[in-house]
Amino acid sequence: MLTKNQIVNGLTKYIETEVISKIEDKALQIILAIGVTALNRNHDLINAVLDNQFISYLVKKNEEDKYDLDELFDIIDDTLKTYGKLPITIPAIKFISPTEKTLRFSTEDVNRLRSLMEQGGM
C-alpha cells in the first residue's frame, strides 16, 4: 500500500533519473522537467490518473487513502514479458521539439519505477 506522496515521489524520481537524463533533445528534457516540477509542487495532479475509470479497476484505494498498485504492476510486467518493450511516442512539438521521439520501456523499467515508489522516491 502506497500513499499518494510515495507514488508521486517515486514517479518523479524515475522520470528524472531514468527518462530525462537519457534524452538527448534538450527541449524535450525541459518539457518533461516542467511536468515533473508541476507534479512535485501539486501532488493532486496525479488524481487524473488514479481516478481514471479504467485505472481504478486495477488500483485499489483503502480508507486510509493508500493505494494498492500490485495488480497494475503485475499486469504490466506480465504483458511486457510476453510482448516486449512498450514504445511511447512523443509527437513533435512545433517550435520546441521538431521531431517525434519514441521512448521504450521494459520490465526492468517497471521494476525500477515500482521500487522507487515503494521507497518514496529515495
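Structure above, values below:
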{"item": "Label-point gap, in nm, between A92 and D25 - each point 7 angstrom along Cα→Cβ", "result": "1.0"}
{"item": "DSSP bridge orientation in the chain - percent antiparallel, rounded to nearest 5", "result": "100"}
{"item": "Given [x] 1.45; [y] 0.97; [z] 1.10, the label whose value is Cα Rg over 2.2 N^0.38 Å derived from this model", "result": "[z]"}
{"item": "Computed E for Y83/L58 - FRET, C-beta separation, R0 30 angstrom, nearest 0.05", "result": "0.95"}
{"item": "Qualifying trypsin sites (Lys or Arg not before Pro) for the range 1-89 [loop in DSSP, other Cβ within 10 Å: at most 16]", "result": "K85"}
{"item": "Reach of K85 by Cα under 16 Å, taken over aspartates and glutamates that are not fewer than 8 positions away in the same chain", "result": "E18, D74, D77, E108, D109"}
{"item": "Extension gain (nm, one decimal) between D74 and E16, 0.36 nm per residue minus Cα-Cα", "result": "18.5 nm"}
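Just so you know, all these numbers are worked out from the coordinates, no wet-lab data involved. All figures in this text were calculated on a predicted structure; none of them were measured in a lab. Glycine also receives a Cβ, built like all others from the backbone with ideal geometry; neighbour counts cover every protein chain displayed.
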